[in-house]
Amino acid sequence: MFVVGTAGHVDHGKSTLVKALTGIDPDRLREEQERAMTIDLGFAWLTLPSGREISLVDVPGHERFIKNMLAGVGGLDAALLVIAADEGPMPQTAEHLAILDLLGIARGLVVLTKADLVDAEWLALVSEEVRERLAGTTLAGAPLLSVSALTGQGLPELVAALDRVLAAAAPPADSGRPRLPIDRVFTMTGFGTVVTGTLTGGSLRVGDEVEVQPGDRPARIRGLQSHKRKVETAAPGSRVAVNLSGLAVGDLRRGDVLTTPGWLRPTDRLDLHLRMIAAAPRPLRQNELVDFFTGAAEVAGRVTLLDADELAPGASGWVQIRLAAPVAAARGDRYIIRQPSPSLTIGGGAIVDPRPRRHRRFDQAVLARLATLQQGTPAEQVLQALAAGPLDLKTLSERTGLAQAELGLVVRDLLAAGAALVLDPAPAALPRPADYLTTPAGWRALVEALTGALAGYHRQYPLRPGAPREEIRSRLGLAPRLFDRAIGLAVGQGLVVDEEALLRLPDHRIAFTPAQAAAADRLLAALGAPATAPPSLTELAADPELVAALAHQGKLVRVSESAAFLSDTYAAMVDWALATIDSTGGVTVAGLRDRFNTSRKHALALLEHLDQRRLTRRQGDVRVRW
Ligand code: GDP
Ligand code: MG
């Protein structure tokens, strides 16, 4: 299950797009319907062509409701940045893009909606402008598509592109520490207290003893729902409604976090790495009051700039923030800060230390410790780097800044703990620089993409024994070396068969439909009469896929574009031709024609085919051994 969210300016078509894709109207609450505006996060869901399930979170575009957007984007696997083709990028487009960038959301699509309202020339201009805006953000390389929710134009392509974007994503991480930042609290008749949110970090089960933070409030899970279905277990990456016993609605607030007991503690002071957005209206000053957002929580706080007198737009620095009320947050969590009035996003980043002491400003020892903390332990850095997909050790060393020798030891420990694996059926004891490393989740995602691509190919070409490697590689968009390693391991694990330079799923067999079987019988009968001078494939209007399948089964041999012989006939003619060369020194087109009572055309096609197979070669009028 993956969570995909919309972002973009009000009225640019986000909710309409979600409805066109899922059939679910995210503007469904009565109040929203009255105001024709999304006031809370709307949720819809969809199964992509690959079978991948996604939750679609529709985040409202209106400035006033930006906190709803922040609540929704914390757990996003991919974003749909929606821009109306007739208007182009608007102020909130820029603000939402900046937020996606600050939250580190690197996967997504840029969707130009309302394509029915503009012509191709205008669309090209807007696309170019959008590309310029994306430059330098996490979405810089994102595919750009144009659609119309009105005519349906571009929607299938959008769904396919989303599938491809998510194929590259590792499934949501499961570290055994489930967290549900609560974005809604309500009572349901007959059930009692219900909270909703996007689950990250681990699974929740009915019966689990849980805790709500801040405040160490214990509760028990009475029931779980995901996408309106009752479930026993909710997996990370899904939208979940949790029915709680032990807590009343009045005890709970939006922004609280539901989690497993004993690890997540509330805090009202945090050390942050802060990046100011380039479009911020002015520098951030020492001791300034800001609004702080993380997960679904929103609270006021005062900043202490630890390494600067002020932070200019576009600049980065170390900051300690003191909050007016505690939040439940962990190291590495993303956050956003906004100036209170006029309310505007000015920066954000990651929490580096959720429970620091008070620091003196400009203290070199403090700054050095923050830099180290931000990088994490070497093992964390390696896993972090691998979260985006497999990497070879050389690249991993560049990405993490760890020297080969140290990296080797870290990787050896990760391998021993089962937290990483080498893409090699028989890996060396100490991995080598060219070896590719991935996480178990990354490997599962890769296998799913690979078997999905093969299954798709087999469906498309049921009469072919397998898929050319290059075709599958390009469908997956993998670098050649990575692809070869992945195939090596998949073959080693028996998930894929590599046969005669073709790849297939182990259970794939060429299977004729009754109509194809009848056509095959007719074709073989026609090629047998007369066997040495059969009618051409063109005359027979033979289906090339069927011819290739019969050739693969050894029933016929195709010697040219238009000529094929039954296998027995072919073998007899080849045997005679080679024997004649050996006994008389050469064979001619006329000799072959006369011996087998065939045509000059057929004899020539066969001998040219033998030249191509490098069994014979031409010398004047005769063929000799190659
Ligand atoms: P949101 O605020 O981004 O969620 O925008 P809505 O989905 O509410 O759409 C705003 C307006 O644009 C509505 O009147 C829609 O009917 C209209 N709209 C949305 N998509 C399209 C489209 O593809 N073509 C046209 N012509 N109008 C659209
Ligand atoms: Mg809307």
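Evaluated against (1) farther than 25 Å from residue 441 by Cβ; (2) in contact with a Gly (Cβ under 7 Å, 6 or more places away or on another chain); (3) hydrophobic (A, V, I, L, M, F, W, C), residue 249 falls short on exactly one condition, (2).
Applying a threshold of 6 Å to beta carbon distances and a minimum spacing of six or more residues, or different chains, the list of pairs starting in the range 395-422 at a residue that is closer than 16 Å to residue 438 by Cβ and assigned by TED's automatic domain parsing to the domain that holds residue 384 and ending at one that is modelled with pLDDT under 90 and open to solvent by 60 Å² or more (accessible area, probe 1.4 Å) reads 397/404. The residue that is farthest from ligand 1 (Cβ to nearest atom), counting only those in the range 1-25 that are among the polar types (S, T, N, Q) and either more than 15 Å from residue 198 (Cβ to Cβ) or not assigned by TED's automatic domain parsing to the domain that holds residue 139 (or both), is 22. Name the residue that is modelled with the highest pLDDT, counting only residues in the range 355-386 that are within 24 Å of residue 99 (Cα to Cα) and over 30 Å from the mean Cα position of the chain (by Cα). Only one residue tops the list, namely 370. Within the range 228-240, the set of residues being modelled with pLDDT under 90 and surrounded by 17 or more Cβ atoms within 10 Å (Cβ to Cβ) comprises 235, 236, 237, 238, 239, 240.
With within 16 Å of ligand 2 (Cβ to nearest atom), under 29 Å from residue 198 (Cα atoms), touching a Lys or Arg at 6+ places or on another chain (Cβ under 9 Å) and at pLDDT 90 or above as the only criterion, which of 140, 149 stands out?
Working: 140 fails: within 16 Å of ligand 2 (Cβ to nearest atom).
Matching residue, one of 140, 149: 149.
Tell me, please, whether a residue that is touching a strand residue (DSSP E or B) at 6+ places or on another chain (Cβ under 6 Å), part of a strand (DSSP E or B) and surrounded by fewer than 22 Cβ atoms within 10 Å (Cβ to Cβ) can be found in the range 242-249. Checking the range 242-249: at least one residue is touching a strand residue (DSSP E or B) at 6+ places or on another chain (Cβ under 6 Å), part of a strand (DSSP E or B) and surrounded by fewer than 22 Cβ atoms within 10 Å (Cβ to Cβ).
Residue check: is residue 56 under 20 Å from the mean Cα position of the chain (by Cα), within 14 Å of ligand 1 (Cβ to nearest atom) and modelled with pLDDT of 80 or more? Steps first, answer last, please.
Working: under 20 Å from the mean Cα position of the chain (by Cα): yes; within 14 Å of ligand 1 (Cβ to nearest atom): yes; modelled with pLDDT of 80 or more: yes.
Yes.
Residue count for the range 102-119, restricted to those that are at pLDDT below 90 and outside any loop (DSSP other than H, G, I, E, B): 1. Within the range 525-545, residues that are without any contact (Cβ under 8 Å) to a residue 60 or more places away in the chain and over 15 Å from residue 599 (Cα atoms) have Cβ atoms under 8 Å from residues that are of a type in the set (Ser, Thr, Tyr) and open to solvent by 30 Å² or more (accessible area, probe 1.4 Å) in these pairs: 537/562; 538/562, counting only partners at least 6 apart in sequence or on another chain. Meeting the requirement of 1 or more residues that are β-branched (Val, Ile, Thr) and under 20 Å from residue 545 (Cβ atoms), the helices (runs of 4 or more DSSP H) wholly within the range 433-493 are 469-476.
Can you report the number of residues in the range 36-53 which are more than 10 Å from ligand 2 (Cβ to nearest atom), open to solvent by 40 Å² or more (accessible area, probe 1.4 Å) and modelled with pLDDT under 60? It would help to see each step written out before you state the result.
First pass over the range 36-53, keeping only residues more than 10 Å from ligand 2 (Cβ to nearest atom): 40-41, 43-53.
Still in the running and open to solvent by 40 Å² or more (accessible area, probe 1.4 Å): 45, 47, 49-51, 53.
Checking which are modelled with pLDDT under 60 leaves us with none.
Residues in the range 36-53 being more than 10 Å from ligand 2 (Cβ to nearest atom), open to solvent by 40 Å² or more (accessible area, probe 1.4 Å) and modelled with pLDDT under 60: 0 in total.
Each residue in the range 102-124 was checked for being touching a Gly at 6+ places or on another chain (Cβ under 8 Å) and surrounded by fewer than 14 Cβ atoms within 10 Å (Cβ to Cβ), and 0 of them qualify.
The values are calculated or read from the model by the stated rules, or taken from the named source; none is laboratory data. Everything numeric here is computed off the predicted structure, so don't read it as measured data. Ideal geometry is used to build each Cβ from the backbone, glycine not excepted, and the neighbour counts take in all protein chains shown. In case anyone asks, the SASA skips ligands and DNA or RNA and just uses the protein heavy atoms, side chains included. Shrake-Rupley method; radii C 1.70, N 1.55, O 1.52, S 1.80 Å.
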